[in-house]
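A short write-up of the structure that comes next.
The values are calculated or read from the model by the stated rules, or taken from the named source; none is laboratory data. Note that the structure is a prediction, hence the values are computed from the model and not measured. Using ideal geometry, Cβ is built from the backbone for each residue, glycine included, and neighbour counts are taken over all protein chains shown.
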Ligand SMILES: Nc1ncnc2c1ncn2[C@@H]1O[C@H](COP(=O)(O)OP(=O)(O)O)[C@@H](O)[C@H]1O
Ligand SMILES: [Mg+2]
């Protein structure tokens, strides 16, 4: 059974299940959850625990989805780290400093992400420079522009914005400790699941990551698809920026850098191959949840916060090894009888 | 020969990559139910020629015609839509994708679902397995199986099965037999003959003169990007074709030279020329 058959309907054997890379991600999640449940006790198991790690999962998860699709297509996007603050600065500046209507401020913030994604996509598809390098360059450029813009207009590196109640309730509200971002995240999970596993375009993404030249020869519009994926990641990173403004009621020039590594970590722990060509939304979802549980479980467990880096690092290495083993198994011509 | 216009024709096509001229003044045609064999040494420009025919590259100069009408293929998809299916020399399959997904990459069957398109996995798998089995690969029964687990020959057969399925009018195969064993190669030759019988125009690229002679109606020899010879079945012997491919220098002449040298040099062969 292939990793991309999210809608698998035939009888799933145990053996086939064991060969799916998501199975490793599921086991990883369960182990990590039990570990922190034992140490963290009832508080971690109850609503406070769930809300704290789900809130973290939602933010990084919204970015991990498109970053995962890009990785499946064989590309990286580092610029998400500067799109988050750029978009929140744009929204806060328009809404807070210039008193524009919330919808205008939000659309402008999202537009920043789409535009940067378009620039990334064009640079990657029109040149032969690896996307890792292109998006690092774009990240620094956007960081500089955001800082310059904020200082020029506002003379400060942070801008505050108090959204109207409706906007606040849709994008920046907490319900019993749960952020509304969780719903945005779950909605996007459904959208990305459709795109990758149900729609025909998902096949193009796998093919581009598997062998870009063959995909192009097969008539797949590889450049347009790559540009669209970069725009999706720009959009999602910008959405996180906008959600942050609505939640915290202010935008900071700095911050957002953590999303770069964290999103890649969620994706890799979720079983996506660093070399592209394979992965799944369920895996990315599990990887994100695992990352968030470690990130927040530390506090509930009363452990030294630095231990989270050790655990995350170990998880990452284990994931990379098991993903690679999956790839080796799937591509060895040793025929199973 | 029929009076009908050739299905596919190149007229004085040049192709350069920047300053590098790869094809010069190529004129070729292939008719319905005919196999054109393209022969030539490594680097002669065979792959570049068929990439130009299949929309991967654009000709620098010259014309391409289909049924007597000038055509242009800005993208591979445009060539496919005109019924030209190509199996390129390298790649063509995606190891981490299933047989069904590989087969339909870029031409996925979909089920209608309002504005939402749904990839029809069942249909894709069923057709893919059927077509691959027709190709003699009976070991593949599960369309969900990853292609990475297949042998090189099976993968090549999958790529060919795909081209045969989608190639409504022209089938282009770039060295399809190079990676195959004797039995599998014979199988590919049978497929070529079958496609020809069904009225397709086939362009078959190979290194092996025997393979070419087994299926070819028409032969073109490419040397350094130019057509060095263009002849029909029965007009040249196997040796003559091999000589042409070797760069025009006759193997027989070469042997005569060596013998002449040995006679005048006490039976020693000439030192190798560099
Ligand atoms: N994209 C390209 N850019 C520059 N040179 C190329 C390109 N593709 C092919 N060539 C050159 O064209 C020549 C012919 O290559 P090719 O068509 O692959 O030959 P063949 O298939 O006959 O072995 C080679 O010298 C190759 O280096
Ligand atoms: Mg070649």
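Numbers at a glance
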item	result
Enumerated strands (runs of 3 or more DSSP E) restricted to segment B:20-90, each holding at least 1 residues that are within 14 Å of chain A (Cβ to nearest Cβ), under 26 Å from residue B:158 (Cα atoms) and away from ligand 1 (no atom under 14 Å from the Cβ)	B:84-87
Residue that is nearest to the other protein chains (Cβ to nearest Cβ) [pool: residues in segment B:160-184 that are in a loop (DSSP other than H, G, I, E, B) and within 16 Å of ligand 1 (Cβ to nearest atom)]	B:179
Residue ID - farthest from residue B:171 (Cα to Cα), chosen from residues in segment B:23-32 that are within 18 Å of the chain's Cα centre (by Cα) and buried (at least 16 other Cβ atoms within 10 Å of the Cβ)	B:23
Matching residues in segment B:135-151 - criterion: being outside any loop (DSSP other than H, G, I, E, B) and in contact (Cβ under 8 Å) with a residue 12 or more places away in the chain	B:146, B:147, B:148
Criterion: within 30 Å of residue A:187 (Cβ to Cβ), more than 14 Å from chain B (Cβ to nearest Cβ) and in contact with a helix residue (DSSP H, G or I) (Cβ under 8 Å, 6 or more places away or on another chain) - qualifying residue of A:297, A:302	A:297
Residue match in segment B:55-63 (condition: within 17 Å of residue B:170 (Cα to Cα) and free of Cβ contacts under 8 Å to residues at least 12 places away in the same chain)	no
Criterion violated by residue B:154 - all others in (1) at the interface with another protein chain (Cβ under 9 Å from one of its Cβ atoms); (2) more than 26 Å from residue B:200 (Cα to Cα); (3) without any contact (Cβ under 8 Å) to a residue 24 or more places away in the chain satisfied	(2)
Leading residue by the ranking (nearest to residue A:202 (Cα to Cα)) among those in segment B:123-142 that are modelled with pLDDT of 95 or more and within 10 Å of chain A (Cβ to nearest Cβ)	B:124
Residues (in contact with a strand residue (DSSP E or B) (Cβ under 8 Å, 6 or more places away or on another chain) and surrounded by fewer than 16 Cβ atoms within 10 Å (Cβ to Cβ)) located in segment B:227-243	B:230, B:231, B:232, B:233
Some residue of segment A:129-145 being surrounded by 17 or more Cβ atoms within 10 Å (Cβ to Cβ) and in contact with a strand residue (DSSP E or B) (Cβ under 8 Å, 6 or more places away or on another chain)	no
